[in-house]
Amino acid sequence: MQKKPSTQVAPKKKTGNYPTHVEGILVITARGSGVVRSKEIEKSIEIDASKLKTGLHGDTVVARIKGPSRYPDSLIGEIEKVIRRSKVAHAGLLNHDSKKNEWILTGIDHRLYTKIRVTEWEAGASPSNVTPDETVVLVAITTWPKEGVIVNAVHTIPVEKLPEGRVIKIAGKKGEPDTEEKVFALERGFDGHFPKEVEAEAQKIRADFKIEQTEKARRDMRGIFTCTIDPKDAKDFDDALSLRQLPNGNTEIGIHIADVSYFVTPGSALDTEARERATSVYLVDRTIPMLPEVLSNDLCSLTPATDKCAMSCIVEFDAQHRVVATWFGRTVIHSVKRFTYEEAFAVLENGGVHENEVRTFNTIAKILRNQRIQDGALSLESDEIKFKLDDFGFPIGIERKVRNDAHKLVEEFMLLANSLVAHELGENKAEELDGAMLYRIHDKPTLEKMEDLSAFMKSLGHDTPLKKGVVPSYMLAKAINETDDENVREIMQSVIIRSQQKAIYSQENKGHFGLALDYYTHFTSPIRRYPDVVIHRLIAEVTEHHHITAKEKKSFRDIAAHSSMREVDAQEAERASDKYYQTLYMKDKIGAVLDGTITGLNDRGLFIRDDESYSEGFVRFKDHYQEKFVFDKKNYKVTGATTGLVFNLGDKVKVKVVDVRPDKREIDFSLA
């Protein structure tokens, strides 16, 4: 395996108005050169192909700024070091050089500018199972050339200067959806198969467990109405809600979460694997779980009509629906009803089984939601897409998952539990825990991003001036509510999201800007997120006096950083999966004219989303106009230098599907 690059960064001095070194993400262009984009500076940094120094597409790198570029929005620089690789392996096709008896990999991703010479094969990956130019394999780079630099990235590189690698997995036949889905996950280090010792440990835990072993040490909630509300195709059930009226007239709601930490103990093979994965991955046609299915779908899952172990946040509300008391700890529950979101929403709309309980949940959830928004929380909603696949795994339809009040009520109680747990552990129990904690933090946006957002909103006719350096959330909410066009509203929300910082895990509390909360963590999804497992262990420490060693507490900083990075890896795999299936779906629509919405633009062309399938394609100005276009970044529009023709973000257009390339996940449109 590759050694982990050093994370030591050179001290940041100033060169002109910019630091000499910045950390950022490297993007490889079609020409084989690079561009580094950093949060530290507005301008991008151009990197010549000869200055990449083994940096690959998506890597986190340190770039040294050398001076200004000929373009006003960029600088010239070179890669100083690679901090983190975006991929643990690279997918490609092998060719065999019979004279030298060598296998050479050519990457499927055209942004992998170098070929790789195979020098090793892992057990289970054999040359006898490879058909040249047909079989997709995954290769991890093990050694770079001694000089450490690819000196000619665009043209042919001599074999002796190629990096060497090891075949770690044979994915399957080129062009098949099953192969592509494996690649999206495996390139980023997510494997659908678990090591034998991990599976064996999980199976033994399942075989040995009896609820009687633990129920006496738990708060018994089995006589209280409890239900789950999940997607209709859900296989694991992270959470359940309970409800009862107390003798004092108050309402008690229990937010019950799968008690993964009871079964996955520190230092075990299961724990080591879960910590490394850090998250589950949800691709179009499969889920790659953080835990083996015997735990995630069975033992830990809060399935109905069965006594289950939970870690719970019990909340007491008074008659005005204010939180007056909380309790945290291990429980045993018994869910009497499994609702799908659609079934729960139908009860809210038309009545039905457990109507009083579901309506009470919804009433309190709406009050919680309104209070959050009044406190300054951003309320952004975006519908997801769902693919309908045929028996061979090819997409034959795309539909939008529409959020209803059932989704929102579950979301509100999960947000409440996360914030209450964070406050309890981070504030009330901080001394007892010696400061050990994992927060989910979301920094305040930069002034520059907020100024750009305010200008964009003004271009759409909404007056949203900055107050104390940010566009107030109530102004954004008002603008969204006043926008009738569904697609424009989606784009508006997308731009608002892009203007925000990214939420990450941290041992230090900086609050959550988007939710307007001083304390926030992740407590509600331990089946699919490792930080939640850590939080459950902290609750066990303060409620049951379990001992977390000083060594474990010191590891929290590493867990926070690793989990944040793995979350990004999972999101990239999921986005790649969605885009691949969208291009497969659009392959049959070449020549069709579609209604679209401009979702992005620059001086080269327009990004346009098909309003029906949500597939995004690109229109190149040079294919249509004999003039240059000027990009107005502040107002999100481009203007023809000669004709004055203007395109704005959110404009409605008709487009023709010209070309579709599923292997590159690209769609070409032309303006119809």
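With both labels modelled 7 Å from their Cα along Cα-to-Cβ, the Lys458 to Lys161 distance reads 5.1 nm. In sequence order, region 534-540 has phi-based couplings of 4, 4, 4, 5, 5, 4, 4 Hz under the Karplus curve 6.51 cos²θ - 1.76 cosθ + 1.60, θ = phi - 60°, and Gly or Pro positions carry x. Comparing Cα centroids, region 219-287 and region 584-619 end up 39 angstrom apart.
Here the Karplus curve 6.51 cos²θ - 1.76 cosθ + 1.60, taken at θ = phi - 60°, turns the phi angles of region 294-302 into couplings of 4, 9, 5, 9, 10, 4, 7, 5, 7 Hz, with x standing for Gly and Pro. Applying the Karplus relation 6.51 cos²θ - 1.76 cosθ + 1.60 with θ = phi - 60° to region 180-189 yields 3J(HN,Hα) values of 4, 5, 4, 4, 3, 7, 5, 4, 9, x Hz, where x marks Gly and Pro. Quick one: compute the contact order of the chain, relative version, from alpha carbon pairs under 8 angstrom and 6+ residues apart, as a percent. It rounds to 10 percent for the chain.
Seen against the Cα atoms of the chain and their longest principal axis, helix 341-350 is set at about 60 degrees.
Which value results when the Cα radius of gyration for region 444-500 is divided by 2.2 N^0.38 Å? Before the final figure, lay out the partial values.
Working: Rg = 10.4 Å, N = 57, 2.2 N^0.38 = 10.2 Å.
Ratio of Rg to 2.2 N^0.38 Å for region 444-500: 1.02.
Consider all pairwise Cα distances in the chain and report the whole-number % of them above 49 Å.
Values: 37099 of 225456 pairs.
Summing the P(r) of the chain above 49 Å gives 16 percent of all pairs.
Computed from Cα atoms, the angle from the helix 196-208 axis to the main principal axis of the chain rounds to 10 degrees. Compared with the dominant principal axis of the Cα atoms in the chain, helix 405-423 is inclined by about 80°. Taking amide H as placed 1.01 Å from N in the peptide plane, Ala171 has its amide H under 5 Å from the amide H of Val136, Val137, Leu138, each at least 5 places away in sequence or on another chain.
With an 8 Å cut-off on Cα pairs and a minimum separation of 6 or more residues, tell me the relative contact order of region 14-84 in percent. Walk me through the intermediate numbers first.
On the way: 165 pairs, mean separation 22.2, N = 71.
Relative CO of region 14-84 lands at 31 percent.
A run of the chain free of exposed loop cleavage sites, with chymotrypsin sites (Phe, Trp or Tyr not before Pro) counted only in DSSP states other than H, G, I, E and B and at most 16 other beta carbons within 10 Å, reaches its longest extent at 393-624. Here's how it looks for Glu666: its modeled amide H is under 5 Å from those of Arg661, which are all 5 or more places away or on a different chain.
In terms of Cα atoms, the Rg and Dmax of region 543-652 work out to 22.7, 74 Å. Remark: region 42-139 carries a charge dipole of roughly 380 debye about the Cα centre, counting +1 on each Lys and Arg Cβ and -1 on each Asp and Glu Cβ.
Going from the residue with the fewest nearby Cβ atoms within 10 Å to the one with the most, Ser33, Ser74, Ser473 rank Ser74, Ser33, Ser473. For the cross-link pairs Lys196/Lys235; Lys39/Lys628; Lys174/Lys587; Lys468/Lys637; Lys216/Lys337; Lys51/Lys161, the ones whose C-alpha atoms lie over 20 Å apart are Lys196/Lys235; Lys39/Lys628; Lys468/Lys637; Lys216/Lys337.
Rounded to the nearest 500, what is the 222 nm mean residue ellipticity of the chain from helices alone, with -39500 (n - 2.57) per DSSP H run of 4+ residues and division by all residues? Computed mean residue ellipticity for the chain: -8000 deg cm²/dmol.
Once Rh for region 201-258 is found with the Kirkwood sum over Cα pairs, what is the Stokes-Einstein diffusion coefficient at 10 °C and 1.306 mPa s, in µm²/s? It would help to have the intermediate numbers written out before the result.
Values: Rh = 14.1 Å.
The estimated diffusion coefficient comes to 113 µm²/s.
In terms of its Cα atoms, region 14-84 spans 28, 24, 18 Å along the principal axes, sorted from long to short.
Per residue, the Cα convex hull of region 590-671 amounts to 89 Å³.
Every read-out reported here was derived from the displayed coordinates using simple, explicitly stated rules and does not represent laboratory data. Small disclaimer: the values here were computed from a predicted structure and weren't measured. Cβ: placed from backbone, ideal geometry, glycine included. Neighbour counts: every protein chain shown.
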